[in-house]
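Peer 1: Let me give you the structure first, and then I'll get to my questions.
The values are calculated or read from the model by the stated rules, or taken from the named source; none is laboratory data. All of these numbers come straight from a predicted model, not from anything done at the bench. So basically every Cβ, Gly included, is an ideal-geometry build from the backbone, and we count neighbours across all protein chains shown. Surface areas here come from the heavy atoms of the whole protein model, side chains and all, with no ligands, DNA or RNA. Shrake-Rupley method; radii C 1.70, N 1.55, O 1.52, S 1.80 Å.
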Amino acid sequence: MSKVSCTHCHLEFDESVMIKDEAHYFCCKGCQGIYHLLADEGLDNFYEKVGDTKLTPPTEQFEDSGNFNSSAFYDRFVKTNREDFQEVSLIIEGIHCAACVWLNEKALHKMDGIVEVHINYTNNKANITWADEVVKLSSIIDMIRAIGYNAFPYDPSLQEAHANKERKDFYLRMAVATFASMNVMWVAVAQYAGYFTGIRDDVRFILNIAEWALSTPVLFYSGWIFFRGAYYGLRNKVVNMDLLVSTGAALTYIYSIYITFANTGEAYFDSVTMIITFVLLGKFLEVLSKKSAADTLDVMSKHLPSEVMVLRAGNFVNINVNEAVAGDVIQIKSGEKVALDGEVSKGEGSFDESNLSGESEPIFKKLGDKLLSGTVSLDATLQYRAVKDFAHSTLSNLVTLLESSMAKKPKIEQMANKLSEHFSTAILLLAFLTFLVWFLLGNPFETSFIVGISVIVIACPCALALATPVATLVGIGLGAKRGILFKQAAQLETMANIDMLLLDKTGTLTEGRPDVQRASYLKEFDKALLFSLASSSKHPVSVGISRYLMIEHEFKMILALDALEQISARGMKANYENHILLGGNAELMRENGIKVDENSDMTLYYFAINGELCAILELKDSIKKDALDLIESMKSKNIDVVMLTGDHERVAKEVAGALGIENYKAALTPKEKADYISHMHNQDKKVVMVGDGVNDILALAQADIGIAMGSGSDIAIDVSDVVLMNDSLTSLNEAFKISTTTFKLIKQNLGISLVYNAVTIPLAMAGYIIPLIAAISMSISSLLVVGNSLRIRLNWKKG
């Protein structure tokens with residue numbers, strides 16, 4: 001049986017298994033469908049571009065697409081929205097350019113049942129909404145595969161593997177380029193010396209061959225990404241820096257080969273390696289500066305229990321959290337997190353809601369009170385009735401809002417990228433016109449070609465490409481030494497231009513832990529009893545008291561207490577050598593017949609022995625020592641400072657007054673914090689948000705720059721753009737200074753590059769600069785940029 005090629009993918013199969021469609025043959029319905037899709041859209045010239053190239057094989061080489069329809073896959077990856085449409089996030093493998101994104105979106109939109117498709121070119125993530133009763137997910141996957149791509153569910157571990165693969169690829173390319181460039185420069189030393197003092201032709205030939213051998217892997221392996229980028233740019237009618245780099249390097253390489261064998265003039269293989277290595281460095285730094293690919297949803301989910309204890313037929317049994325529904329009775333124990341929103345149906349106790357509200361003090365919950373997912377039971381085993389399922393509970397809703405906020409985060413365009421397209425087009429045009437004019441004026445082809453090459457080489461955008469990454473690398477390195485971690489280079493530029501600073505209170509402006517402000521001892525007693533009782537509880541107030549006593553009295557041993565009892569939302573009770581110890585709040589004292597005075601704005605802790613009040617301790621969350629210096633520094637820079645907190649008005653007003661913060665917002669929910677930032681964005685404000693808890697993550701994501709304290713929650717650190725590892729607000733001040741200095745030097749670097757090109761390009765066009773001098777000039781311009789960037793450290797020391 002004869003074999004025929006598929007009209008779309010060009011793979012060969014027996015004619016008997018092919019689908020015949022008029023004069024065309026197709027190996028599958030996917031190929032047939034995409035062929036007609038391209039024809040209908042006027043894109044049938046696609047086949048002229050690919051020629052005989054074989055496209056992605058049929059789907060049998062992939063995992064069975066039917067697996068995407070399984071209930072297990074739907075439970076894990078597919079959501080149903082309010083309109084009863086299905087939503088899924090996929091990673092499209094094989095996307096190289098904007099045209100790939102367009103083709104995938106167009107192909108999927110052609111399918112019946114597809115409601116919406118959005119593909120993010122920067123991370124190849126596709127968000128697809130469809131009607132499951134009309135089209136199955138497996139059919140969507142088949143369509144993606146049929147047009148030459150593949151899809152798999154968005155999973156942070158897989159994303160991290162792909163990111164690691166990309167970084168490893170850059171490591172290898174950089175290693176080859178660096179090794180070859182270093183060796184080429186050794187050879188070039190002899191070449192340059194011979195140019196001025198004289199060199200035998202046979203020696204020059206050997207040196208040229210050595211440079212040729214070293215420059216070849218640099219151009220075609222290390223520099224392959226530039227050729228690829230130039231190809232996809234041209235295919236989409238975009239002239240980019242990749243085209244200029246690849247053109248200059250390739251033409252210089254070809255010319256140098258000609259010079260080597262013609263044994264006339266000077267070869268410039270060293271320029272080839274320098275062009276590729278310097279510009280590859282810029283791309284390499286860009287890859288290193290990317291954020292972790294971890295998905296925020298999964299980062300947050302790991303902070304919730306995967307199972308819950310649900311009442312079934314009179315007994316509590318463990319079930320998957322996604323299987324629990326509204327109306328289920330759930331049991332939660334001390335120290336556990338609430339998984340679903342609900343109402344207390346049995347028992348009472350204190351809950352830590354600081355993750356959501358920012359409230360620094362525990363909240364007492366009793367029968368009928370609401371519980372929010374993500375909060376923590378501090379001292380109670382109770383039961384509650386779920387009012388929402390997991391997907392619609394508070395923390396899940398925060399995830400949805402967070403993803404929306406992250407998607408809307410502004411993308412900072414570097415100045416070099418804004419200039420690159422016009423710059424590259426202009427240089428190529430000038431080089432061609434230079435060659436043409438020289439040749440038409442009667443000059444030899446070789447002379448005209450050399451002058452044209454000189455224009456490209458001398459204008460090669462090494463300095464322009466390095467203007468930003470080298471300065472930011474020095475700035476990021478300086479920040480790291482100071483305990484300031486910038487996750488992306490662009491954040492330095494953004495911070496240098498902000499005009500509003502938003503600060504969380506608890507854990508950011510304050511220490512985030514209650515400290516004893518005043519201890520009143522009403523009678524003599526053994527302080528070790530109080531220390532031992534307080535050390536028996538993990539309640540924030542008890543921890544603060546034990547910490548205070550440890551410092552004041554240097555206690556190291558805890559007494560062995562008997563009948564230790566933790567009383568929900570009240571305190572602790574214990575026995576020691578026939579003494580009854582009580583420690584807790586006023587309600588605990590009153591329940592045991594002890595009268596107390598509550599006239600204080602601070603948190604009060606009472607300690608009694610055998611029914612007699614012995615001590616009263618007043619606790620308060622302390623303001624950080626460097627908070628006032630930060631506020632004054634921001635005001636001197638005309639940056640508006642606003643405090644956002646979930647705490648009560650009384651506490652917020654006190655902290656704001658102590659720090660001289662005129663504008664503050666109290667009792668805010670996480671969503672209200674994010675809404676406030678959106679409101680500021682509508683007023684064209686550039687906002688930096690500083691926080692440390694889960695209650696801050698929406699605001700951190702919504703802000704132009706989110707800054708997390710290093711001791712903050714893992715979620716806040718993952719979402720943020722900058723992390724202050726030492727928790728010092730002095731570091732926050734230093735972060736602003738580093739960003740301002742770095743951005744100033746970036747602008748200077750761009751100025752150096754542009755002035756350099758403005759002076760040297762006309763000289764090269766006039767024939768006064770040969771490629772050798774052009775390569776040296778190009779290197780000098782790059783060194784000037786690097787040297788200027790290192791001035792960040794000098795400016796820092798002066799400051």
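Peer 1: Going through segment 323-344 one residue at a time, which ones are more than 35 Å from the chain's Cα centre (by Cα) and surrounded by 16 or more Cβ atoms within 10 Å (Cβ to Cβ)?
Peer 2: Answer for segment 323-344, where residues must be more than 35 Å from the chain's Cα centre (by Cα) and surrounded by 16 or more Cβ atoms within 10 Å (Cβ to Cβ): D328, V329, I330, Q331, V344.
Peer 1: Scan segment 736-762 residue by residue and report those that are open to solvent by less than 20 Å² (accessible area, probe 1.4 Å), of a type in the set (G, A, S) and over 26 Å from the mean Cα position of the chain (by Cα).
Peer 2: Listed by number, the list holds a single entry, S753.
Peer 1: Give the residues of segment 96-113 that are assigned to a loop (DSSP other than H, G, I, E, B), open to solvent by 20 Å² or more (accessible area, probe 1.4 Å) and modelled with pLDDT under 80, sorted by residue number.
Peer 2: H96 - this is the single residue of segment 96-113 that is assigned to a loop (DSSP other than H, G, I, E, B), open to solvent by 20 Å² or more (accessible area, probe 1.4 Å) and modelled with pLDDT under 80.
Peer 1: State the number of residues belonging to segment 431-478 that are small (G, A, S), at pLDDT 80 or above and surrounded by fewer than 24 Cβ atoms within 10 Å (Cβ to Cβ).
Peer 2: Of the residues in that region, 2 qualify.
Here's the yes/no breakdown for (1) in contact with a His (Cβ under 9 Å, 6 or more places away or on another chain); (2) among the aliphatic types (A, V, I, L, M); (3) exposed (fewer than 15 other Cβ atoms within 10 Å of the Cβ); (4) in contact (Cβ under 8 Å) with a residue 40 or more places away in the chain:
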| position | (1), (2), (3), (4) |
| --- | --- |
| D597 | no, no, yes, no |
| Y606 | no, no, no, no |
| N610 | yes, no, yes, no |
| E618 | no, no, no, yes |
| I623 | no, yes, no, yes |
| S633 | no, no, no, yes |
| V641 | no, yes, no, yes |
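Peer 1: Looking at (1) in a strand (DSSP E or B); (2) within 20 Å of S350 (Cβ to Cβ); (3) open to solvent by less than 50 Å² (accessible area, probe 1.4 Å); (4) touching an Asp or Glu at 6+ places or on another chain (Cβ under 8 Å), which is the one condition that is false for G646?
Peer 2: Only one criterion in (1) in a strand (DSSP E or B); (2) within 20 Å of S350 (Cβ to Cβ); (3) open to solvent by less than 50 Å² (accessible area, probe 1.4 Å); (4) touching an Asp or Glu at 6+ places or on another chain (Cβ under 8 Å) is unmet by G646, namely (1).
Peer 1: Another one. Select from segment 22-38 the residues that are modelled with pLDDT under 75, surrounded by 13 or more Cβ atoms within 10 Å (Cβ to Cβ) and not β-branched (V, I, T) and list them in ascending order.
Peer 2: C28, G30, C31, Q32, G33, Y35, H36, L37, L38
Peer 1: In segment 673-687, how many residues are open to solvent by 20 Å² or more (accessible area, probe 1.4 Å) and either touching a helix residue (DSSP H, G or I) at 6+ places or on another chain (Cβ under 9 Å) or part of a strand (DSSP E or B) (or both)? Reasoning before the result, please.
Peer 2: In the first step, residues of segment 673-687 are kept if they are open to solvent by 20 Å² or more (accessible area, probe 1.4 Å); the result is 675-676, 678-679, 681-686.
Within this subset, residues satisfying the condition of being either touching a helix residue (DSSP H, G or I) at 6+ places or on another chain (Cβ under 9 Å) or part of a strand (DSSP E or B) (or both) are 675-676, 678, 681, 685-686.
Residues in segment 673-687 being open to solvent by 20 Å² or more (accessible area, probe 1.4 Å) and either touching a helix residue (DSSP H, G or I) at 6+ places or on another chain (Cβ under 9 Å) or part of a strand (DSSP E or B) (or both): 6 in total.
Peer 1: Does A177 satisfy being surrounded by 15 or more Cβ atoms within 10 Å (Cβ to Cβ), small (G, A, S) and at pLDDT 85 or above? Give the steps one after another, and end with the answer.
Peer 2: Working: surrounded by 15 or more Cβ atoms within 10 Å (Cβ to Cβ): yes; small (G, A, S): yes; at pLDDT 85 or above: yes.
The answer is yes for A177.
Peer 1: So L234 clears everything in (1) open to solvent by 60 Å² or more (accessible area, probe 1.4 Å); (2) under 30 Å from K125 (Cα atoms); (3) of a type in the set (A, V, I, L, M, F, W, C); (4) modelled with pLDDT of 80 or more except one condition, right? Which one?
Peer 2: The failed condition is (4).
Peer 1: Moving to a separate point now. Within segment 693-714, restricting attention to residues that are under 17 Å from I484 (Cβ atoms) and at pLDDT below 75, which residue is most open to solvent (accessible area, probe 1.4 Å)?
Peer 2: Per the criteria, the residue is S711.
Peer 1: Another question, if that's okay. Under the condition of being assigned to a helix (DSSP H, G or I) and surrounded by fewer than 16 Cβ atoms within 10 Å (Cβ to Cβ), which residue from segment 74-90 is nearest to the chain's Cα centre (by Cα)? First the steps, then the outcome.
Peer 2: Keep residues of segment 74-90 that are assigned to a helix (DSSP H, G or I), which gives 74-77.
Among the residues that remain, those that are also surrounded by fewer than 16 Cβ atoms within 10 Å (Cβ to Cβ) are: 75-76.
Values: D75: 27, R76: 23 Å.
The residue in question is R76.
For every residue, the table says whether it meets (1) among the small types (G, A, S); (2) farther than 27 Å from A496 by Cβ.
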| site | (1), (2) |
| --- | --- |
| S622 | yes, yes |
| S633 | yes, no |
| M643 | no, no |
| K653 | no, yes |
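Peer 1: Taking the conditions exactly as written (at pLDDT below 85, of a type outside the set (D, E) and crowded, with 24+ Cβ neighbours inside 10 Å), does S720 satisfy them or not? Walk me through it before giving the result.
Peer 2: Working: at pLDDT below 85: yes; of a type outside the set (D, E): yes; crowded, with 24+ Cβ neighbours inside 10 Å: yes.
Yes; evaluated as a whole, the condition is true for this residue.
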